[in-house]
Amino acid sequence: MKRIQQILFLALLTLTAIPALAQFAEVRGFVYDKKTGEPIIFTKVFLEGTSNGNASDVNGFYNLSKINPGSYILSSTGVGFDTVKIRITLKPGGRITQNIYLTQKSVNINTVDITADKTENLTETKVSVAKVTPKQINRIPSVGGEPDLAQYLQILPGVVFTGDQGGQLYIRGGSPIQNKVLLDGMIVYNPFHSIGLFSVFETDIIRNADVYTGGFGAEYGGRISAVMDITTRDGNKQKLSGKIGSNPFTSKLLLEGPLSKYEEGKSTSSFILSGRTSYLERTAKNIYSYVDTAGLPYNFTDLYGKISFNSTNGSKLNLFGFKFTDQVNYKAPAAIAWNSTGFGGSFVVIPGSSSVLVDGSFAYSGYDISMKELTSKPRFSKINGFNAGLNFTYFIGKDELKYGIEMLGFQTDFQFTNAANTVIKQEQFTSEIAAFTKYKYASNRLILEPSIRAHYYASLAEMSIEPRFSAKYIITEFVRFKLASGFFSQNLLSAGSDRDIINLFYGFLSGPEDAPKTFRGKPVTSKLQKARHIIAGFEFDVTNRFQINVEGYIKKFDQLTNINRDKLYPNTDEYKDKPAYQREDYIIEDGVAKGIDFTFKYEKQNLYLWATYSLGYVSRYDGIRNYNPHYDRRHNVNIVGTYAFGKKHNWEFDCRWNLGSGFPFTQTQGFYEKILFENINSSYTEQNGQLGVIYGQLNLGRLPWYHRLDISMKKKWEFSKNNVLETTLGVTNVYDRNNLFYFDRISYAKKYQLPFLPSFGITMTF
């Protein structure tokens with residue numbers, strides 16, 4: 001109880017930091033699309049003739065405070081929208097709410113717009129974060145004719161993708177379990193389908209996705225590597241509309257519309273529903289029989305629904321739910337099935353008498369996976385629980401004070417049988433509570449964001465105090481230096497096996513109470529997994545159209561807990577003479593990830609070029625050996641290009657080329673025959689044994705380099721403003737590169753990733 005009181009006290013302390021601002025005035029509100037009522041994000045709002053300005057957030061909210069009383073022109077403009085100017089009068093201590101409605105431009109003028117990115121670069125620290133929108137996702141050549149967030153994430157600097165089958169994202173040296181994924185504030189435990197080309201998130205429902213590759217602020221906790229925070233959009237507030245689409249991989253349907261029709265200045269409500277299902281297992285038999293005559297054994301279904309209520313002052317409530325399923329049926333090695341479900345809500349409250357913005361979320365989500373193999377016993381993993389958070393944001397001129405509290409609880413159930421036929425299992429409930437405070441200081445040249453998080457892990461009876469810091473120094477309008485650092489912790493660990501040929505089993509365990517007591521000859525005083533980050537870099541605006549971003553990083557993983565897959569004996573007094581690494585269920589590791597990322601972006605009206613180069617190094621020490629994990633890719637290059645042409649720019653050509661150095665793997669030293677004695681009558685002189693593998697040093701070898709070119713061509717037919725037909729012709733692996741997926745040690749057969757793969761997709765918007 002004392003720990004909880006300490007956390008609550010930390011949150012309440014921040015109230016004392018709010019200065020008396022009675023002599024100043026304040027204006028706030030939301031920026032909306034005048035036609036649809038949809039919030040317009042990252043749009044600049046300012047008072048003409050002053051330095052007082054800010055950008056709207058992910059909800060379209062803006063706030064200008066510490067304003068001297070008087071009359072002003074409130075101005076707002078966004079890319080693709082006409083400028084709006086509103087005369088306002090502010091009294092001492094006055095506070096007004098002024099929503100802004102922007103009209104889409106009817107004619108595109110050939111001038112360079114100051115983009116939302118430029119505004120953010122000058123007002124936010126923006127260290128190791130990529131903001132992803134549906135527009136950006138659609139610029140990537142889509143495998144199967146379906147643009148997807150999973151495919152876009154692969155081009156981000158510092159992100160490594162391990163394969164088309166069972167591929168996961170490894171972000172700057174962190175494993176997938178060390179990445180937190182949020183959907184409207186709800187935890188999603190597995191965001192990717194087994195065929196690694198698709199996420200569970202339908203592109204058309206996404207408003208914005210913030211991907212933090214490291215150094216994130218204290219508002220995020222419970223993970224030690226990265227965060228992906230996804231916000232969905234509201235449904236159409238004007239009329240019933242939707243989209244239907246089909247391609248060789250999937251079919252989808254989206255419906256949206258008003259529950260109460262949108263009128264400027266009035267309360268509204270709307271809904272949005274999306275569904276997607278794959279039928280690749282059936283279509284591949286005819287279309288891609290050269291890949292596998294039996295078809296590609298992947299099936300998945302994604303369902304998502306959301307209802308939004310919006311008040312006249314911008315306060316809102318969202319209620320949502322999802323169900324994602326995935327099935328893989330490899331007839332020889334394994335069959336896998338998983339389900340992910342969740343429901344919850346999020347809200348934004350704008351108190352009329354206070355300068356505070358209140359937002360929060362509450363949700364329940366669960367995930368279970370089972371795997372059946374011919375050569376080993378079944379394994380399964382379940383996790384389910386709740387998470388809830390409440391945040392308060394005060395705007396003090398260009399400065400911001402934010403604080404909040406977060407609570408979560410979850411239950412894990414796991415069972416796994418290792419190669420030595422030893423069962424490892426866990427069933428545990430844990431709860432956590434955290435509080436944070438964060439202050440943003442902004443001057444003309446300097447932006448500082450110190451923050452601190454106090455995270456109490458109840459099941460482990462352990463508190464983690466995590467200071468964090470980010471900063472940006474604006475050397476000139478075109479050159480900026482940025483820095484971030486911090487401490488991070490988590491309780492969850494992965495139930496997967498890094499030695500699986502096809503690593504599709506993605507399960508969870510909570511941090512164990514019976515972890516090893518010593519590591520590197522020193523006592524282990526904490527049961528948490530811990531990391532430290534430091535990141536530094538530069539932003540260069542070479543021109544208004546050409547930007548360069550450079551970031552160097554070090555992630556020091558001070559303590560990692562993993563399943564001990566070398567366990568041979570029960571951890572009892574009977575076997576106390578055996579080495580600890582042969583008895584204990586878990587092992588302790590540490591390691592480091594370091595590297596440098598380069599990003600180049602060029603953008604004009606009809607041309608978009610994006611290029612990244614990442615140099616990375618990842619190492620681990622497990623108490624016995626130093627090794628490079630299987631996702632340690634030294635070099636990674638991505639080049640993306642988009643060109644729109646035609647009288648109405650209704651044609652679009654997209655291409656992506658990826659080059660990556662080879663992943664580490666464990667080489668084969670030799671073979672032996674393993675005789676199984678089933679009973680006392682077994683005859684070892686007559687029966688045939690099984691072929692066993694003698695492995696070499698862990699991950700000492702390297703696979704060949706990977707490279708692949710994908711292209712797509714899109715054409716739009718506009719029958720009316722609201723009825724648009726789009727066709728997509730795409731080719732994956734244009735020059736049919738044989739990229740090695742794995743090498744079967746017994747049969748010596750080489751298994752490759754996706755070959756030359758043409759596709760055709762069609763969507764109708766109505």
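Neighbours of residue 760 by Cβ distance under 13 Å: Lys/Arg scored +1, Asp/Glu scored -1, total 0. Length available on full extension from residue 120 to residue 329: 0.36 nm per residue minus the Cα-Cα distance, which gives 70.6 nm. A crude spin-label estimate for the pair residue 312 and residue 50, with each label 7 Å from Cα along the Cβ direction, gives 2.5 nm.
Screening the chain for whole DSSP H helices of 15 Å or more along their axis (Cα) with average Kyte-Doolittle hydropathy at least 0.0 returns 2-13. For the chain, the equivalent ellipsoid derived from the alpha-carbon gyration tensor has semi-axes of 45, 32, 24 Å in decreasing order. Which residues in segment 44-72 place their backbone N less than 12 Å from a point set 7 Å from the Cα of residue 89 along the Cα-to-Cβ direction? What the label zone holds, given the 12 Å backbone N cut-off, is 70-72. Ordering 706, 62 from the fewest to the most neighbouring beta carbons within 10 Å gives 706, 62.
Close amide H partners of residue 181, meaning residues 5 or more places away or on another chain with modelled amide H under 5 Å apart, are 188, 228. A simple spin-label model places the labels of residue 635 and residue 613 0.9 nm from each other, with each point 7 Å out along Cα-to-Cβ. Shown is the FRET efficiency for residue 103 and residue 582, computed with R0 = 51 Å from the Cβ-Cβ distance and rounded to the nearest 0.05: 0.10.
Computed from backbone phi with θ = phi - 60° and the Karplus coefficients 6.51, -1.76 and 1.60, the 3J(HN,Hα) list for segment 307-324 is 10, 10, 10, 10, 8, 5, 8, x, 4, 8, 9, 10, 10, 8, x, 8, 8, 10 Hz; x is used for glycine and proline. Partners of residue 482 within straight-line reach, counting aspartates and glutamates whose Cα lies under 19 Å from its Cα and excluding those fewer than 8 residues away in the same chain: 117, 120, 124, 210, 399, 400, 449, 539, 541, 551, 597.
Counting 0.36 nm for each residue step from residue 522 to residue 285 and taking away their Cα separation leaves a gain of 79.6 nm. Taking amide hydrogens as placed 1.01 Å from N in the peptide plane, the amide H of residue 52 sits under 5 Å from those of 47, each at least 5 positions away in sequence or on another chain.
Footprinting exposure proxy ranking of 89, 765, fewest other C-beta atoms within 10 angstrom first, gives 89, 765.
Any idea how far the Cα center of segment 515-583 sits from the one of segment 176-225, in Å? Distance between centres, Cα-based: 20 Å. Take the residue pairs 135/721; 180/527; 180/556; 372/530 and return only those whose Cα atoms are more than 24 Å apart. From the list (135/721; 180/527; 180/556; 372/530), the Cα-Cα distance tops 24 Å for 372/530.
Please work out the FRET efficiency for the pair residue 465 and residue 602, using the Cβ-Cβ distance as r and a Förster radius of 51 Å; give the result to the nearest 0.05. So, using R0 = 51 Å, E works out to roughly 0.70. Note on residue 253 and residue 568: with the Förster distance fixed at 51 Å, the Cβ-Cβ geometry gives a FRET efficiency of about 0.45. Counting only other residues whose beta carbon sits under 11 Å from that of residue 482, what net charge do I get with K and R as +1, D and E as -1? Once positives and negatives cancel, what remains is -1. Taking amide H positions as modeled 1.01 Å from N, with prolines and chain starts lacking one, the residues under 5 Å from residue 267 and 5 or more places away or on another chain are 312. Within the same chain, lysines fewer than 8 places from residue 306 are excluded, and of the rest, those with a Cα less than 19 Å from its Cα are 237, 239, 243, 252, 261, 316, 323.
Quick note: the coordinates plus some simple rules give every number you see, no bench work behind them. Small disclaimer: the values here were computed from a predicted structure and weren't measured. Neighbour counts run over all protein chains shown; Cβ positions are idealised from the backbone, glycine included.
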